[in-house]
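The values are calculated or read from the model by the stated rules, or taken from the named source; none is laboratory data. Keep in mind that what you see is a predicted model, and the values were worked out from it rather than measured. No Cβ is skipped: glycine too gets one built from the backbone with ideal geometry, and neighbour counts run over all protein chains shown.
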Amino acid sequence: MQNLEIKIATIDLYNNEPNEGMRCIRDIVKEVSQCYPFEIKYDVYETRYKDLIPSMDYDIFISSGGPGSPFEGEGTEWERKYFNLLDKIWNHNQSNSDKKKYVFFICHSFQMMARFFEFGTVNKRFINSFGVMPFRKTIEGNEDLILRDLSDPFYAADIRHWQVVNADYQKIQELGASILSWEIPEEENKDNPAITALRISNEIVGTQFHPEADPASMLYHFRQPERKEYVVKRYNEEKYFEMIAWLKDPEKIIKTRQTVLPNFLKNAIDELILVSV
């Protein structure tokens, strides 16, 4: 095992926009790496900004959040490379019964995941969503390794203008996929809530929310005047301060941050160890 090396790549879709997401992902990878007595190599590829994409040499891929529309990359070099990588990973996992590739999709990448696997409709949300929000687990989500240790509802950072709705249950069944969580609908979308977590396979899963977010990263957003104005206008000032108070609650985004992505990474690494010894 001393010669074992696990390689993790983050696919950065932030398009050079200032963000806290990449720091949070890096911190989680570093923390998980310290649980193992061998080297875990970590690299970042600026896919959307510099057209850089990791090779199939990596074992685990984390595809980040990012700004704007999940369709604005149509026809670009980075999107072609991105979908080509997903196609290679999917085909590899379908034909390779031993050492598979693992992928986690976050927020913007969850919408790209939905476009690639076609398990739902990707469209613009009726109103932007921002804040610490509750999400409802499905029966499958309650048993899934990334969510099973969380409460129901659980709480996570939600920052999105777009969404995945109208689940294609036939396609989901064909893929062998499972919806793990839904947003708790508001009056405007009470009959058509968004999918917020979905597992394609043992190795491939994604969340619409930001499981990597920590209190510091959310305070960064809450302190921006336009964010406060949005929450106060959408809800009220009391709700704004309630969300900030939730950042200190160990059972809300702190628990989600400590659970979802770490559980995914540890499961992937443990399974890779098993096929390597």
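Overview of values
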item: Positions within the stretch 80-97 being among the charged types (D, E, K, R) and over 22 Å from Asp168 (Cβ atoms), in sequence order; result: Arg80, Lys81, Lys88
item: Single match in Arg115, Arg136 (criterion: among the basic types (Lys, Arg), in contact with a strand residue (DSSP E or B) (Cβ under 9 Å, 6 or more places away or on another chain) and either modelled with pLDDT under 95 or not in a strand (DSSP E or B) (or both)); result: Arg115
item: Qualifying residues in the stretch 242-277 (those that are within 30 Å of Gly131 (Cα to Cα) and of a type in the set (S, T, N, Q)) - the one surrounded by the most Cβ atoms within 10 Å (Cβ to Cβ); result: Thr256
item: Tally of residues being closer than 14 Å to Phe110 by Cα and hydroxyl-bearing (Ser, Thr, Tyr) across the stretch 184-228; result: 2
item: Residue match in the stretch 149-168 (condition: at pLDDT below 95, in contact with a helix residue (DSSP H, G or I) (Cβ under 6 Å, 6 or more places away or on another chain) and over 17 Å from Lys255 (Cα atoms)); result: no
item: Those residues of the stretch 23-43 which are surrounded by fewer than 18 Cβ atoms within 10 Å (Cβ to Cβ) and either assigned to a strand (DSSP E or B) or hydrophobic (A, V, I, L, M, F, W, C) (or both), in sequence order; result: Cys35, Phe38, Glu39, Lys41, Asp43
item: Test: residue in the stretch 48-62 that is among the polar types (S, T, N, Q) and surrounded by 14 or more Cβ atoms within 10 Å (Cβ to Cβ); result: no
item: Evaluation of Pro18 against (1) modelled with pLDDT of 95 or more; (2) under 26 Å from Ala216 (Cα atoms) (one fails), failing number; result: (1)
item: Filter result for the condition that a residue is among the charged types (D, E, K, R), in a loop (DSSP other than H, G, I, E, B), touching a His at 6+ places or on another chain (Cβ under 9 Å) and farther than 20 Å from Gln170 by Cβ, over Lys100, Lys124; result: Lys100
item: Single condition Phe61 does not satisfy, out of (1) under 18 Å from Val205 (Cα atoms); (2) more than 17 Å from the chain's Cα centre (by Cα); result: (2)
item: Subset of the stretch 47-91 that is among the polar types (S, T, N, Q) and assigned to a helix (DSSP H, G or I) - its residue that is nearest to Lys266 (Cα to Cα); result: Asn91
item: Residue list for the stretch 1-22, filter: surrounded by fewer than 15 Cβ atoms within 10 Å (Cβ to Cβ), free of Cβ contacts under 8 Å to residues at least 60 places away in the same chain and part of a loop (DSSP other than H, G, I, E, B); result: Gln2, Asn3, Asn16, Glu17, Pro18
